[in-house]
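Engineer: Below you will find the structure I want to go over with you.
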Amino acid sequence: MTFTSVLFLPYLVVFLILFYLLKQNTLRWLLLLGASIAFYLNIHLGFTLILFLVSIITYLTSIGIKNSKNEKSRVNTFRIGIFLTILPLLVSKYLLTLFKLLNDYFYFTEQSDNPLSWIILPVGISFYTFMALGYIIDVYNEEIEAEPNYGKLLLFLSFFPLVLSGPIERGKNLLIQFSNLPKFDFHFINQGIKLMIWGYFMKLVVADRLGLYIDLVYSNPNNYSGSSIALAAILYPFQVYADLGGYSLITIGVGQLLGIKIIPNFNRPFFASTMAEFWRRWHMSLINWFNKYLYTPLSYEFRKLGIYGILISLMITFIVSGIWHGANLTFIVWGILQGLFLSIEATMLYLKQKKGTELNSNYFKLPAIFGMALTFFLFAISQVFARAESVPNAIFLFKKIFSNLGMPYISSISLLVGLLALFMLLSYDFMLEFNKKRILLYLNKYKPLKYFILSLIIYSILTIGNTGSEGKFIYFNF
């Protein structure tokens, strides 16, 4: 069961009724835990067992750190716990790829007889593993007390709105909320429903409609002109934004229905005028995790190297981010490109600051508009590698774009619908970015207009949304 399955909304309604009928906080978080386990169990029994394993390791590690009698024992417990927590992710996500890579060179066995072919990637493991690692590190750094109740820690890692695709939450934000779940509040319910509706619009109308065209072109690039490939490459960042951004809004909306505040994941990234600003707006929970637990410690270690230490830290951070996204060389190239773009920006900023020159931050001056276009262009280039099947395939796509333009294939109804919906999405983002005091779709104060637009969005989801696909979200693959 996923957010787009026909069973999810009835499941959610029944759960909410039971949740608010219970008055005691203990019974409510236990119900929430049971619903979360049932939600994940519906996907795969084996995946659920791995989730339990990671939660037990995380719990024992945090308690072990808390009860350590000396610093040596504390450090050893931390190191062993980190290794054991990340081990299921390493095995399920990277062992099979590593074996195939080595087998290509050393020929251990026939590809059809691969002894590791049984390994499959559990949905959401990259996300709840990072939540577990962040929790252990926070306990070790004494930023949070080790949770003595295993059930609440298990709920933190298995919380059903988050477990499949984030956002990557922190224990200090969620655990305290589980201990004090609020009573029924119409304002929370109202806001939650609105966020979910817009999230479904982003996913089913924008992402899935664009995805039909993008998947068609990327799966058969030989059959399409370079301009069609270029169009698909330009649209893919928007598809990912609408897909993961839509998932995140549904997640935050479900949290609102429960009175639980979940951190935002996107902040209108396509209005960023630099790559550094882009990454402060795109998949924020992931980049904040890398910033806190990887980039900041690395930059501290390399601080004596000055600007070179910053550049080294950026490259390592984004290469690891690429590896986190997938066990393919394409994602390593993606990470290298992101690190390279940010390193060039950091160097330019360093040189400008050295000369005492301030960067222009006004969006409506030509350099800033150019910066938005350039930032998007660079990100779109890197996303070709993220979407391509292999590095040679990505290179082939680029060659065809520049050598065989031709006429783009645009006769697809899904593409036209997706483009119209994308225009609505970007127009809404534009109003939020620059016109906050004016019409904000169904969040505005004019009730007739608000309900008309709300009805129009729901109607578009039901009529032109790709509701029959039962499709998964892109980030389920990560």
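Taken together, the values in this text are just the output of simple stated rules run on the coordinates, not laboratory data. All figures in this text were calculated on a predicted structure; none of them were measured in a lab. FYI the Cβ positions are ideal-geometry reconstructions off the backbone, even for glycines, and counts take in every protein chain you see.
Engineer: Under a crude label model (7 Å from the Cα following the beta-carbon direction), how far is residue 369 from residue 402 in nanometres?
Structural biologist: Calculated label separation equals 2.8 nm.
Engineer: In addition: Rounded to the nearest 0.05, what FRET efficiency do residue 354 and residue 291 give with R0 = 25 Å and r taken as the Cβ-Cβ distance? Could you check?
Structural biologist: After rounding, the FRET efficiency stands at 0.55.
Engineer: Ok, one more. How long is the gain from residue 390 to residue 38 if the chain were fully straight, where each residue apart is worth 0.36 nm and the alpha carbon distance is subtracted?
Structural biologist: Numbers: separation 352, 0.36 × 352 = 126.72 nm, distance 3.66 nm.
Length gained, residue 390 through residue 38: 123.1 nm.
Engineer: Now for a separate question. Determine, for 128, 241, the number of other Cβ atoms within 10 Å of each Cβ, and report the residues in order from fewest to most.
Structural biologist: Working: 128 27, 241 23.
Lowest to highest Cβ neighbour count: 241, 128.
Engineer: Order by neighbour count: 325, 44, 187, 283, fewest other Cβ atoms within 10 Å first, most last. Don't jump to the answer; show the numbers that get you there.
Structural biologist: Numbers: 325 19, 44 14, 187 9, 283 23.
Final ranking by Cβ density, sparse to dense: 187, 44, 325, 283.
Engineer: Please give the contour-minus-distance gain from residue 463 to residue 234: 0.36 nm per residue of separation, less the Cα-Cα distance, rounded to one decimal in nm.
Structural biologist: Contour length minus the Cα-Cα distance gives 79.8 nm.
Engineer: Continuing with the same structure: Between the stretch 21-51 and the stretch 127-187, how many Å separate their Cα centres?
Structural biologist: What the calculation gives is 14 Å, centre to centre.
Engineer: Along the positive direction of the dipole of the stretch 8-178 (beta-carbon charges: Lys, Arg +1; Asp, Glu -1; about the Cα centre), which of 139, 12, 53 reaches farthest?
Structural biologist: Projecting each Cα onto the dipole axis, the largest value belongs to 139.
Engineer: Give me the dipole magnitude in Debye, nearest 20, for the chain about the Cα centre, with unit charges on the beta carbon: positive for Lys and Arg, negative for Asp and Glu.
Structural biologist: With only Lys, Arg, Asp and Glu charged at Cβ, the dipole is about 1320 debye.
Engineer: Can you give me the Cα centroid spacing of the stretch 395-436 and the stretch 199-258 in angstrom?
Structural biologist: Cα centroid to Cα centroid, the span is 10 Å.
Engineer: Related question: In terms of modelled amide H atoms, which long-range or inter-chain residues lie less than 5 Å from the amide H of residue 272?
Structural biologist: Correct list: empty.
Engineer: Run the helix sum for the chain: -39,500 (n - 2.57) per DSSP H stretch of 4+ residues, divided by residue count, reported at 222 nm to the nearest 500 deg cm²/dmol. All intermediate terms of the calculation are to be shown ahead of the outcome.
Structural biologist: Working: 20 runs with 317 residues, N = 478.
After summing the helix terms and dividing by residue count, I get -22000 deg cm²/dmol.
Engineer: Using each residue's phi in the stretch 44-59, evaluate 6.51 cos²θ - 1.76 cosθ + 1.60 at θ = phi - 60° and report the 3J(HN,Hα) Karplus result to the nearest Hz, with x for Gly and Pro.
Structural biologist: 5, 5, x, 4, 5, 5, 5, 4, 4, 4, 4, 5, 5, 4, 4, 5
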